[in-house]
Amino acid sequence: MTVKTRFAPSPTGYLHVGGARTALFSWLYARRHAGQFVLRIEDTDLERSTEDSVNAILDSMTWLGLDYDEGPYYQTQRFDRYNEVIDQLLERGQAYRCTCSKERIDRLREEQMANKQKPRYDGHCRGRDVDASLPHVVRFLNPEQGDVTIDDLIRGRIVVANNELDDLIIRRTDGSPTYNLSVVVDDHDMGITHVIRGDDHINNTPRQINMFEAMDWPVPAFGHVPMILGDDGARLSKRHGAVNVMQYQKDGFLPEALLNYLVRLGWSHGDQELFTREEMIELFDLGAVNRSPSAFNTEKLIWVNAQYIKAADPVRLAELVGGFLESDGVPIAGGAPLAHVVDAQRERAGTLVELAQICRFYYEDFGEIDAAAAKKAFKDGAEQALSMVREKLAGLEDWGRAPIHQLIADTVAELGVGFGRVAMPLRVAVTGGAPSPDLDLTLHLVGKTATLRRIDAAIALIQGRT
Ligand code: GLU
């Protein structure tokens, strides 16, 4: 049997990181078993579904590299098929028309609540001969006896008694099919073997299994992924920070870092933290997914991102960082090659936004030197050290790392002071206090003209001229 899984988002907003993790688990399961992965857009809620959301979901899937073998299918294009199945269920006596008024249903609910019973439809129209020309809904005839057993791939065995389930509406008065029916038809027609989805759907599963059985269709396996919590134990939401997948792109995360973080959220393989895509596919196992919810930890995500930034191809990094710098109007064209700058700075950044920030001083003068850094670096002797090193640098013809390094060493020797007495004021003068790599590399990348100009500005600052 070829494994076939699917991701079935409703396009009523952006793709939430929780949805992305469910998609990832479903995708991994398919890839792990050399199976297929289907994308299905569940856009039957016409009022809440939007094209923008569909696009946001498709963009997020592409950005994360969650490629699908089939789809996107759209449920709104399959209404005829759903109605065909509803008619078959009616013919088979597995569904019935119901003309109960809203008032009756409301009254029933009130009575049940007053008697401390679970509100549920009482089967009033079961077996009644309803005139099909009257306004009506169609209900699925749920079995009254027996149990439904789910051997959930994550949660283990779940048993639900049929008398806990009522007769679900599968077609509304306006003729439109409902969620549970459409999902069953799609999962059957699309040949889905493993339904991996959020555990907010766990109550729907026994009802769906009954519908598969009523149609004599094979029942797929189910795995319900626990939800993601915020740091306060409540369900992860906007209030905890970014939850929109594409926001993470804007905030400077690499897609592979987000995926790596998400796969580890509720799943582990020993104490390994970093997984290549291939490793994830090889090692992922639904049975090892934690049954309880996991808490989203932004610091850990930043740590993972930093590891990927350190390891990424510098040319690709430069392209991404360049995008951030360009949108900030930083003139990168005239300066050192961005791939070199990015390579020199990447160890010091948790996100691409941070990385872009600490790459700026290579291309443009900063406004003011960081006050704390200036206070520390521009002490007694700093002016003399800066003046001497400036003079030497001005005469340096080869602006390579080694000559710069030698020149600083000579200045230190000549002044007879510790290395820091020269290096510290020089570094602060040239970087403004931003984190930076070895001094010779920093100066080399900043360039001669800007270096001299910034030393002059620092001397003026020390002299109180600015
Ligand atoms: N469309 C549903 C949702 O977005 C998912 C349905 C399913 O996976 O069965 O919550």
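Scan the stretch 168-177 residue by residue and report those that are touching a residue at least 60 places away in the same chain (Cβ under 8 Å), in a loop (DSSP other than H, G, I, E, B) and either within 11 Å of the ligand (Cβ to nearest atom) or surrounded by 15 or more Cβ atoms within 10 Å (Cβ to Cβ) (or both).
Ser176
Tally up the residues in the stretch 1-45 that are more than 18 Å from the chain's Cα centre (by Cα), among the basic types (Lys, Arg) and assigned to a helix (DSSP H, G or I), please.
Selection size over the stretch 1-45: 2.
How many residues are surrounded by fewer than 19 Cβ atoms within 10 Å (Cβ to Cβ), among the aliphatic types (A, V, I, L, M) and in contact (Cβ under 8 Å) with a residue 60 or more places away in the chain if we restrict to the stretch 321-342?
Matching residues across the stretch 321-342 total 1.
Please go through the stretch 183-202 and give me each residue that is more than 13 Å from Val38 (Cα to Cα) and more than 9 Å from the ligand (Cβ to nearest atom), ordered by number.
Once the filter is applied, which keeps residues that are more than 13 Å from Val38 (Cα to Cα) and more than 9 Å from the ligand (Cβ to nearest atom), the stretch 183-202 yields Val184, Val185, Asp199, Ile202.
Can you confirm whether Arg40 is of a type in the set (Lys, Arg) and within 16 Å of the ligand (Cβ to nearest atom)?
Against the criterion (of a type in the set (Lys, Arg) and within 16 Å of the ligand (Cβ to nearest atom)), Arg40 qualifies.
Based on this model, can you work out whether Leu258 counts as more than 15 Å from the ligand (Cβ to nearest atom), modelled with pLDDT of 95 or more and not in a loop (DSSP other than H, G, I, E, B)?
In short, yes.
Of all residues in the stretch 140-166, which are in contact (Cβ under 8 Å) with a residue 60 or more places away in the chain, in a loop (DSSP other than H, G, I, E, B), away from the ligand (no atom under 16 Å from the Cβ) and not hydrophobic (A, V, I, L, M, F, W, C)?
Matches in the stretch 140-166: Asn142, Pro143.
Residues in the stretch 1-22 that are closer than 26 Å to Arg239 by Cα and either in contact with a Ser or Thr (Cβ under 6 Å, 6 or more places away or on another chain) or within 9 Å of the ligand (Cβ to nearest atom) (or both): how many?
The number of residues fulfilling the criteria is 10.
Here are the criteria: (1) crowded, with 19+ Cβ neighbours inside 10 Å; (2) of a type outside the set (Gly, Ala, Ser); (3) closer than 30 Å to Asn210 by Cα. Tell me which single one Met61 does not satisfy.
Looking at each condition in turn, Met61 falls short on (3).
Looking at the stretch 351-391, which of its residues are in a loop (DSSP other than H, G, I, E, B) and surrounded by fewer than 20 Cβ atoms within 10 Å (Cβ to Cβ)?
If the condition is that a residue be in a loop (DSSP other than H, G, I, E, B) and surrounded by fewer than 20 Cβ atoms within 10 Å (Cβ to Cβ), then Glu364, Asp365, Phe366, Gly367, Glu368, Asp370, Lys379, Asp380, Gly381 are the ones that fit.
Search the stretch 53-68 for residues that are in contact (Cβ under 8 Å) with a residue 24 or more places away in the chain and farther than 14 Å from Arg21 by Cβ and pair each with any residue that is among the acidic types (Asp, Glu) and part of a loop (DSSP other than H, G, I, E, B) when their beta-carbon atoms are under 9 Å apart and the residues are at least 6 apart or on different chains.
Every condition considered, the pairs that remain are Ser53/Asp43; Val54/Asp43.
I'm told Arg92 meets every condition in (1) surrounded by 15 or more Cβ atoms within 10 Å (Cβ to Cβ); (2) in contact (Cβ under 8 Å) with a residue 24 or more places away in the chain; (3) more than 16 Å from the ligand (Cβ to nearest atom) except one. Can you identify the failing condition by its number?
That leaves (1) as the condition not met.
Which residues, counting only those in the stretch 283-299, are part of a helix (DSSP H, G or I) and closer than 14 Å to Val263 by Cβ?
Leu283, Leu286, Ala288
Any idea how many residues of the stretch 395-423 are free of Cβ contacts under 8 Å to residues at least 24 places away in the same chain and in contact with a His (Cβ under 7 Å, 6 or more places away or on another chain)?
So the count comes out to 0.
Is it the case that the stretch 188-197 has a residue that's under 20 Å from Tyr121 (Cβ atoms) and part of a helix (DSSP H, G or I)?
No, there is no match, as no residue in the stretch 188-197 is under 20 Å from Tyr121 (Cβ atoms) and part of a helix (DSSP H, G or I).
The values are calculated or read from the model by the stated rules, or taken from the named source; none is laboratory data. Nothing here was measured: the structure is a model prediction, and the numbers come from that model. We place every Cβ from the backbone using ideal geometry, glycine too, and count neighbours over all the protein chains shown.
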